[in-house]
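To keep things clear, I will list the structure first and then write my remarks on it.
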DNA sequence: CAACTACTTGCGCGTTTGCGCAAGTAGTGA
DNA sequence: TCACTACTTGCGCAAACGCGCAAGTAGTTG
C-alpha cells in the first residue's frame, strides 16, 4: 500500500505548524472561501469577510507568509489569489474532518 | 468541472478553525506523525515527542476535542490513535503546501 | 507639487495559548 | 485499604494573537 512519508524534522514541523496557524482563524478561512471564486482586492475581501481594512491586511499577511495566498499589484490596488489549488483541497479535507 | 462546495456558515468555520488550531503546534504535529505508526500511550508519546506528561495530556486534549485522535483505556493506561486516516491525508497536504 | 485612493505597518490592549508545577482522579495489586 | 502507576486538571505566568486606531507608504490624478 502507499505509505507516503510523514516524519519530519523540528524545523520542518515548525513551518507546517505555520500553515496550521494560518488555517486556525475563521476570518482567514472565509478569505480562502472567497478567493476560491477568484482573485479579490483587499478592500473587497474586507467587505465580504466583514472586518476593517487594516485587520484584513494583517490576516492576508499571515496567509501570505504561510504561502497560502499570493499578491499582485495593479495600479494602487493589490489583488490576492490562492497560491495553489491544493490550498482548497486541504481546506476541504479539514471541513470533512470537522463535520 | 468538479467544484465541491467550499462556502460555510460562521459556526461551521469556527469548528474548521478549531481543526486548524489543533494543527498549529509542532508538538501536536509530532504526535500525529507518531500515531501514524500505530497507537501509543500518553507516556510513550510524551517520551517520543519530548515533553512532560501533563503537557502531553493537554496537547492530546486539544487534538481529541478537534476530533483528530481517539482514546481507548486499557487498565490504567490510555492509548491514543488517529481518529481517521484522512487526518494523515490532511497533514500530508499541509506538508506539501509548506515545502 | 498637492490631494486622493488603496494598502501596510506600528502601537497598545484584552484574550488566548503553551508551559511547568502541584494536586486530583482512575485503575491495579498486595 | 494502602501504596503504586498512569493519566487528567487547576493554577499562574510569559509569550503570542486578534483587534482597533493612528500613522506611514505606494501609486494615480489634477
From the label point of residue A:54, set 7 Å from Cα along Cα→Cβ, how far away are the matching label points in the other copies, in nm, ordered shortest to longest?
3.9
Mean ellipticity per residue at 222 nm, deg cm²/dmol - from DSSP H runs of n ≥ 4 across chain B, formula -39500 (n - 2.57):
-18000 deg cm²/dmol
To the nearest 10 degrees, how steep is helix A:85-98 against the longest Cα principal axis of chain A, on a 0 to 90 scale?
70 degrees
Nearest 10 degrees, 0 to 90: helix B:53-65 Cα axis against chain B principal axis
30 degrees
Could you work out the percent of alpha carbon pairs in chain B separated by over 24 Å, rounded to a whole number?
26 percent
Residue among B:22, B:37, B:71 with the largest mean-square fluctuation in a Gaussian network model of chain B, springs linking Cα atoms under 10 Å:
B:37
Efficiency of FRET from Cβ geometry, residue A:55 and residue A:6, R₀ 35 Å, rounded to 0.05:
0.50
Using only the alpha-carbon atoms, how far is helix A:10-22 inclined from the longest principal axis of chain A? Give it as 0 to 90 degrees, nearest 10.
40 degrees
Give the relative contact order (percent, whole number) for chain B; include only Cα pairs under 8 Å separated by 6+ residues.
25 percent
Could you check the spin-label model distance between residue A:84 and residue B:99? Points 7 Å from the Cα along Cα→Cβ, value in nm.
0.9 nm
Multiply the residue gap between residue A:76 and residue A:47 by 0.36 nm, knock off their C-alpha separation, and tell me the result in nm, one decimal place.
8.7 nm
Give the Cα extents of the protein assembly as shown along the principal axes, in whole Å, largest first.
64, 35, 32
Neighbour-count ranking [beta-carbon atoms within 10 angstrom, fewest first] of A:33, A:89:
A:89, A:33
Springs between alpha-carbon pairs under 10 angstrom, Gaussian network model over chain B: which of B:84, B:74, B:25 fluctuates most?
B:74
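Every number here is computed from the coordinates shown, using simple stated rules; none is lab data. This structure is a prediction, so every number in the text was calculated from the model and none was measured. Please note: Cβ atoms are built from the backbone with ideal geometry, for glycine as well, and neighbour counts cover all protein chains shown.
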